[in-house]
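Note sheet for the following structure.
The values are calculated or read from the model by the stated rules, or taken from the named source; none is laboratory data. Predicted, not measured: the structure shown is a model, and the values here were computed from it. Please note: Cβ atoms are built from the backbone with ideal geometry, for glycine as well, and neighbour counts cover all protein chains shown. The protein model used for the area step is the full one, side chains on, heavy atoms only, and it has no ligands, DNA or RNA in it. Shrake-Rupley method; radii C 1.70, N 1.55, O 1.52, S 1.80 Å.
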Amino acid sequence: MRPTKIILGSDHGGFALKQELREHLAHWGWEVEDIGCSTSQSVDYPDFAAAVAKKVAAGEAPFGLLVCGTGIGMCIAANKVRGVRAALCQETYSARMARAHNNANVLCIGGRVIGPELAREVLAAFLEASFEGERHQRRLEKISSMED
Ligand code: RB5
């Protein structure tokens with residue numbers, strides 16, 4: 001995909017990895033908005049998940065990236081926001097399929113689970129894949145109907 005904009009968020013458990021991935025994104029030509037956290041001091045991941053998810057849901061960027069210790073808490077919290085399809089991906093196959101079949105718009109990664117090189121590949125796989133539509137669109141509409 002042609003680089004556009006991505007919004008980043010992390011807690012302290014994902015702070016170091018978020019910093020690394022931000023550098024890669026800039027190198028790849030993406031416009032990056034980093035909403036924090038901005039230190040490795042302890043913070044609450046739902047605050048950052050909500051901020052990123054609301055911006056993506058509002059159309060401020062097509063994608064968001066959330067990093068916490070496991071990626072789990074960020075994923076649970078982001079998926080509470082209507083219109084957000086957050087996927088926890090710790091390897092490249094899931095990252096590609098999250099876009100191709102699930103049209104995920106937020107990628108969640110565990111900064112204490114995978115290393116920076118694999119995380120870079122996961123992020124690249126997610127951003128380079130495209131939604132395949134067709135039968136997958138019908139399934140996503142069924143998920144959307146659960147938000148009503
Ligand atoms: C913080 O200690 C940790 O719970 C958080 O980063 C994340 O892993 C939650 O899912």
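Looking only at the stretch 27-58, residues that are free of Cβ contacts under 8 Å to residues at least 12 places away in the same chain and open to solvent by less than 60 Å² (accessible area, probe 1.4 Å) come to 0 in all. Across the stretch 59-68, the number of residues qualifying as surrounded by fewer than 18 Cβ atoms within 10 Å (Cβ to Cβ), touching a helix residue (DSSP H, G or I) at 6+ places or on another chain (Cβ under 9 Å) and either of a type outside the set (D, E, K, R) or not in a loop (DSSP other than H, G, I, E, B) (or both) comes to 1. Across the stretch 75-108, what is the number of residues that are closer than 16 Å to residue 123 by Cα and not in a loop (DSSP other than H, G, I, E, B)? Result for the stretch 75-108: 16. Selection within the stretch 117-147: residues that are of a type outside the set (A, V, I, L, M) and open to solvent by less than 60 Å² (accessible area, probe 1.4 Å). The member of this set that is farthest from residue 69 (Cα to Cα) is 133. Scanning the stretch 74-101 for residues that are over 12 Å from the mean Cα position of the chain (by Cα), more than 16 Å from residue 147 (Cα to Cα) and of a type outside the set (Lys, Arg) gives 91, 92, 93, 94, 97, 100, 101. Given 41, 137, which one is outside any helix (DSSP H, G or I), over 21 Å from residue 26 (Cα atoms) and not hydroxyl-bearing (Ser, Thr, Tyr)? That would be 41, the only listed residue that is outside any helix (DSSP H, G or I), over 21 Å from residue 26 (Cα atoms) and not hydroxyl-bearing (Ser, Thr, Tyr).
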